[in-house]
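No value in this document is a laboratory result; all are computed from the given coordinates. Owing to the predicted nature of the structure, the values given are computational and were not obtained by experimental measurement. Quick reminder, even Gly has a Cβ in these numbers, built from the backbone with ideal geometry, and neighbours come from all protein chains shown.
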Amino acid sequence: MKLGLCSIAFQDKPLEEVIDIAADNGFDGVEVWGKPPHMPAEYDKAYIEKIRDLAQQKRLEISAFGSYVDPLMTFHQKHLEEAFKIAHQLGTDLIRIWSGGGPSKSIAPADKRLIFFRLVTLAQWANFRSIKLGMEMHNNHLTDTVDSILEIIETTNQPSLKTYYQPLARYDADEPHTAAQRLAPHVVNVHAQNFDENGKACAIAEGVVDYSKVVETLSGAGYDGYIQVEFVHGDNKLEALQRDRDYLASLTAPLAERSLKDLETESV
C-alpha cells in the first residue's frame with residue numbers, strides 16, 4: 001500500500017504548501033480536495049497544470065481528485081465531466097464522488113431509484129474513459145452502511161463504480177473490521193480515521209479501530225492502493241501528521257517487504 005495525504009487536512013493552507021508538507025513528511029501521494037482554496041470554484045487550467053507539475057517535481061502522485069459530484073445535484077453529468085477534466089490534467093484516474101440522498105435508513109424510495117439510475121449513467125460514462133469513481137463512505141448519505149454500499153455496487157453492476165473505505169463514528173455504524181472484510185473487493189481508496197469510545201476523533205494509532213487488522217484484511221483481498229490521512233488532530237498538526245504517517249508506514253512496510261520476497265522467490 002501507498003501512503004497518502006488528503007489536502008483537506010490542511011484546508012487553511014494553499015495547496016502548494018500542502019504538497020510541500022506531504023513531500024517533507026514522506027508521503028507517496030496527495031488527494032486534492034475539490035473545494036476552494038485548493039481547487040478554484042471556476043475551472044482554471046493553468047492552476048491545475050501548475051499543481052500537477054509541482055507534485056511531479058516533489059515526486060508525489062496525485063492519488064485522487066476529491067470532487068463533490070452527487071447524482072442528485074443539478075447538472076450532475078456536467079459536474080462529472082468537469083471533474084474528469086480536472087482529474088485528467090492532475091494525472092489521476094480516480095474521482096471521489098458522493099451518493100447523496102440522506103441517511104440510508106430514511107431515504108425516500110423515489111430518491112433511491114433515481115440515485116441508482118444516475119449512478120449507472122455516470123459509471124457508464126466513466127467506463128468509456130477508463131476512470132474509476134470512488135463513492136465516499138459517509139454519514140447522512142446513502143453510502144453510510146456496508147449493506148447500502150454493496151446494494152449500490154451490485155445493483156448498478158458497473159466496473160468503474162467502487163467505494164472508499166472509512167470507519168464511521170456512529171452508534172449504529174458497521175463494526176470497522178467487519179466493514180473492511182465485506183467491502184474489501186470493492187475498495188479503491190482508504191481514508192484512515194479513528195475515534196475513541198465516545199466517537200471523538202483522535203490519532204490513527206489510538207482509537208477503537210485497529211488499523212493493523214484493516215490493513216491486513218484489505219491487503220489479503222489484493223488491495224494495493226492508498227491509505228490516506230484525511231484529518232489530523234492535536235495542537236501541533238505537523239507533529240500529529242508525522243505520527244499518523246509513521247504509524248501507517250509501520251503497518252504497510254511489512255507488506256512491501258513481503259511482496260518483494262515473493263517476487264524474488266518467483267524469479268528463482
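Results, tabulated for the structure shown:
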item	result
Fraction of antiparallel bridges per DSSP, the chain only, in percent to nearest 5	5 percent
For region 136-268, share of DSSP beta bridges that run antiparallel, in % to the nearest 5	25 percent
Distance from region 217-232 to region 100-168 (C-alpha centre basis), Å	20 Å
Simple label model, 7 Å out from Cα along Cβ direction - Glu49 to Phe116, nm	4.4 nm
Ellipticity estimate at 222 nm from DSSP helix runs (n ≥ 4, -39,500 (n - 2.57)) divided over the chain, nearest 500	-14500 deg cm²/dmol
D_trans [Stokes-Einstein, Kirkwood Rh over alpha-carbon pairs] for the chain, 37 °C, 0.692 mPa s, µm² s⁻¹	173 µm²/s
Three-way shape call for region 52-155 based on the alpha-carbon gyration tensor, with the a/c threshold at 1.5	prolate
Non-local Lys pairs in region 13-101, i.e. 8 or more apart or on different chains, that have alpha carbons under 23 Å apart	15
